[in-house]
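Written below as structure tokens is the structure these notes are about.
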Amino acid sequence: MDRGGSAFRSPGARKRRSRATARGRQAEPQAAAEIAALLGAAPPRRDLLIEYLHLIQDRYRHISHRHLKALADALAIPMAEAFEVATFYHHFDVVREGEPPPPPITVRVCESLSCAMAGADDLCGTLSDTLGSDVRVVRAPCMGRCAAAPAVKVGLNDIDHADAALVRTAVESGDLEARVPDYQDLDAYLAAGGYAMLREILAGRHTPDDIIATMESASLRGLGGAGFPAGRKWRFVRMETGPRLMAVNADEGEVGTFKDRHYLETEPHRIIEGTLIAAWVVEATDVYFYLRDEYPGIRLALTRELARLADAGLEGAARIHLRRGAGAYICGEESAMIESIEGKRGLPRHRPPFVAKVGIFDRPTLVHNVETLYWVPGILSNGADWFADHGRHGRSGLRSFSVSGRVANPGVKLAPAGITVRELIDEYCGGMAEGHRFKGWLPGGASGGILPASLGDVPLDFDTIQPHGGFIGSAAIVILSDEDNMSDVAVSLLKFFEDESCGQCTPCRVGCEKAVALMEGGAWNAPLLEDLCQVMADASICGLGQAAPNPILTVLKYFPEDVE
């Protein structure tokens, strides 16, 4: 066929010149050199993409297209793939060509529920109006500092109980770095008898079956929200063909949750010992410790202590890899976290298969929350009854409650499982805050629904809240008073879900947006909202979209006067 020339040219015809470079945009030599200097001797592995994006963000305070292209070339991945990952996460400032970089200082003001009740909205407005042009003020989701509301982060420096003067002082003094918490270090933990159980295990004095039996007798359940029995999970993972892996979920992002931060800031080695014991039981070769990016001081402490642990020869057979989140609530969902560990966008996976069968790098993976692992050394050292004998109202065990909102003394409260919220307020929180009357409460953060004070005598534990339309989840208890309008509370929570939806599935992505529009449009259209909630709960891929309707449905059920 003649297409304007012969398909075969004569020997004398002019030859097409070969390209000096591949097609498409090329990395600038200077940018390539800067990326090579940042990476140093680090391996050019695809799963480390997010770690390397953090290196760029930390060094330059933003991620330019020139650096993104150079990093993509260094990892031998398409530029589009690097771009989609970088733009998925809130903490990466990707600057497109022709756009100015962000100001050198970023001030993040938490706008989640407890901080909003403490005046975060007015504070954000004041800071935006008074700080200079070299400061960027942005609203941020929950930072895990709800007991110190309102919370502000100036650079990496956390300002508790923030006001405009405290923030301005930090900005003007250049006080932007993270604080390393005053934690129990390796020497102190060893002096207190720490790692004794791990040493016994490594010495062959216990078998995996014995350990699993003790965990099952203690009735320890996963304390990140799902509540699956820990011992049974270990047994299931051991049944899978190796090699096996493990992940520690330290990406608590649920509104009102901060218990994992508390334990990581005070007793990190107890969590590490629990991690290494669990890894030994399931014969995991590697452990991926996924820490939320909002906890930079903890990251510094863990980096230091994990190195000391390895030097002391206490790491056991498993290698611990510290991985850094990048500001995505959805990565608290275990399969989304695994995608992020692999250097991808944090999109939840369709299940089955479950992560116990196909997890990190398609290997069987044990996933645990921080607080669950915190209890492991104590249960194995003291026996199952030591843990199980605690409890009230027919329940068993201990729970760490993150309590914030309208109470006199908020914070992490270690209390018997089955305690009621009214008992928790009176016995552990010094009662309600002055001038406030108990009206309602969130039993499980943003996802757990909003319950009335009339249900304040329901035991707080797994399976006790569901009959009333909520669930305990990670035990993030936010106390509300007669000063709070429950429709406003529900709107705040749905805006959080709208912002944090990964966007993968339409029921969640569009449903959250439509719900907010309907709720802000005056009196609520209850039948339409209920229909929307049903679609979201039935058709969303993961727990975010499935649980997002809970605040709407519980407000309609228990606080109809607030939505008319």
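With LEU347, LEU380 as the choices, which residue is surrounded by fewer than 23 Cβ atoms within 10 Å (Cβ to Cβ), modelled with pLDDT of 95 or more and in contact with a helix residue (DSSP H, G or I) (Cβ under 9 Å, 6 or more places away or on another chain)? Outline the logic, then answer.
Values: LEU380 fails: surrounded by fewer than 23 Cβ atoms within 10 Å (Cβ to Cβ).
The conditions single out LEU347.
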Would you mention how many residues in segment 329-341 are open to solvent by less than 10 Å² (accessible area, probe 1.4 Å), of a type outside the set (Val, Ile, Thr) and touching a Phe, Trp or Tyr at 6+ places or on another chain (Cβ under 9 Å)? 4
Residues within segment 43-85 that are open to solvent by 40 Å² or more (accessible area, probe 1.4 Å) and farther than 27 Å from ARG136 by Cβ, tallied: 10
Please tell me if LYS495 is touching a Leu at 6+ places or on another chain (Cβ under 9 Å) and of a type in the set (Lys, Arg). no
With the requirement that a residue be within 27 Å of the chain's Cα centre (by Cα) and part of a helix (DSSP H, G or I), what does segment 172-207 give you? LEU186, TYR189
Within 25 Å of ALA476 (Cα to Cα) and under 23 Å from the mean Cα position of the chain (by Cα): does that describe VAL152? yes
Looking at segment 86-102, which of its residues are open to solvent by 40 Å² or more (accessible area, probe 1.4 Å), more than 15 Å from ALA27 (Cβ to Cβ) and in a loop (DSSP other than H, G, I, E, B)? HIS90, ARG96, GLY98, GLU99, PRO100, PRO101
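Quick grid of which residues meet (1) of a type in the set (Gly, Ala, Ser); (2) in contact with a helix residue (DSSP H, G or I) (Cβ under 7 Å, 6 or more places away or on another chain); (3) exposed (fewer than 15 other Cβ atoms within 10 Å of the Cβ):
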{"position": "GLY193", "(1), (2), (3)": "yes, no, yes"}
{"position": "GLU200", "(1), (2), (3)": "no, no, yes"}
{"position": "ASP209", "(1), (2), (3)": "no, no, yes"}
{"position": "ILE212", "(1), (2), (3)": "no, yes, no"}
{"position": "LEU220", "(1), (2), (3)": "no, yes, no"}
{"position": "ARG232", "(1), (2), (3)": "no, yes, yes"}
{"position": "THR241", "(1), (2), (3)": "no, no, yes"}
{"position": "ASN249", "(1), (2), (3)": "no, yes, no"}
Provide a single number: the residues in segment 422-436 that are open to solvent by 70 Å² or more (accessible area, probe 1.4 Å), within 19 Å of SER454 (Cβ to Cβ) and over 29 Å from the mean Cα position of the chain (by Cα). 1
Matching option when the condition is farther than 26 Å from ASP385 by Cβ and charged (D, E, K, R), among GLU283, GLU273, GLU216: GLU283
Does any residue of segment 522-541 turn out to be crowded, with 18+ Cβ neighbours inside 10 Å, under 27 Å from ALA120 (Cα atoms) and more than 25 Å from the chain's Cα centre (by Cα)? yes
Whichever residue in segment 466-502 is β-branched (Val, Ile, Thr) and buried (at least 22 other Cβ atoms within 10 Å of the Cβ) and, among such residues, is nearest to LYS413 (Cα to Cα): ILE477
Evaluate segment 315-323: report whether one residue or more is touching a Cys at 6+ places or on another chain (Cβ under 9 Å) and open to solvent by 10 Å² or more (accessible area, probe 1.4 Å). no
Name the residue that is modelled with the lowest pLDDT, counting only residues in segment 127-175 that are open to solvent by 60 Å² or more (accessible area, probe 1.4 Å) and of a type in the set (S, T, N, Q). SER133
Quick count over segment 357-367, residues being assigned to a loop (DSSP other than H, G, I, E, B) and either open to solvent by less than 30 Å² (accessible area, probe 1.4 Å) or under 20 Å from LEU544 (Cβ atoms) (or both), is 2
Scan of segment 392-411 for residues that are surrounded by fewer than 21 Cβ atoms within 10 Å (Cβ to Cβ) and in contact with a Ser or Thr (Cβ under 6 Å, 6 or more places away or on another chain), ordered by number: SER396
Just one of the numbered conditions (1) closer than 19 Å to VAL167 by Cα; (2) open to solvent by 40 Å² or more (accessible area, probe 1.4 Å) is not true of ALA120; which one? (2)
Scanning segment 23-42 residue by residue, those open to solvent by 50 Å² or more (accessible area, probe 1.4 Å) and assigned to a helix (DSSP H, G or I) turn out to be PRO29, GLN30, ALA33, ALA36, ALA37
Regarding PHE497, is this residue closer than 19 Å to GLU423 by Cβ and of a type in the set (Phe, Trp, Tyr)? no
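The values are calculated or read from the model by the stated rules, or taken from the named source; none is laboratory data. Owing to the predicted nature of the structure, the values given are computational and were not obtained by experimental measurement. We place every Cβ from the backbone using ideal geometry, glycine too, and count neighbours over all the protein chains shown. SASA here: full protein model, heavy atoms, side chains in, ligands and nucleic acids out. Shrake-Rupley method; radii C 1.70, N 1.55, O 1.52, S 1.80 Å.
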